[in-house]
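Nothing in this text is a laboratory measurement; each read-out follows from the coordinates by a stated rule. If you're wondering where the values come from, they're calculated on a predicted model, not measured in any experiment. As a convention, Cβ positions derive from the backbone with ideal geometry for all residues, glycine included, and neighbour counts pool all protein chains shown.
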Amino acid sequence: MADLSMMESLKDKMSRVGGNAFAEYVDDATSELQVTLDPDKVAQLVHFGNQGGEHVVTLLNAVRRRIDHKKVRVQLYTVQVLDALVRRCGRDLHRELATQKGLLRDLVLLAAKTPASEGD
């Protein structure tokens, strides 16, 4: 597992604080009130991810913020959204995903967690 330097750790914490332009879209797509993941909302996020540039960074920061949600259903939907982004977006998203050490670390920690019931 990658250790973060002090500067990377600070950037890591800042990316989790507050919302960004895509936070509302990611929150809607991964809402705990849904029974299943809405493919139209996921397609919209994929469209944003394919725009490249700064859109990719802010989109991945919004996804990362949502991975830490306390509800298991939201975490599952967020991982499914991330899967769709990886499968259907281009190089810009893949490069940014590879450089965000914190996001990959969060996924490893999420996978290593003891399974929780849906009510948690």
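Report the normalised scattering of segment 16-120 as log10 I(q)/I(0) at q = 0.14 Å⁻¹, calculated by the Debye formula with identical scatterers on the alpha carbons.
Normalising to I(0) and taking log10 leaves -0.49.
Filter the GluC sites (Glu not before Pro) in segment 44-120 down to the DSSP loop ones having no more than 14 other Cβ atoms within 10 Å, then list what survives.
Glu118
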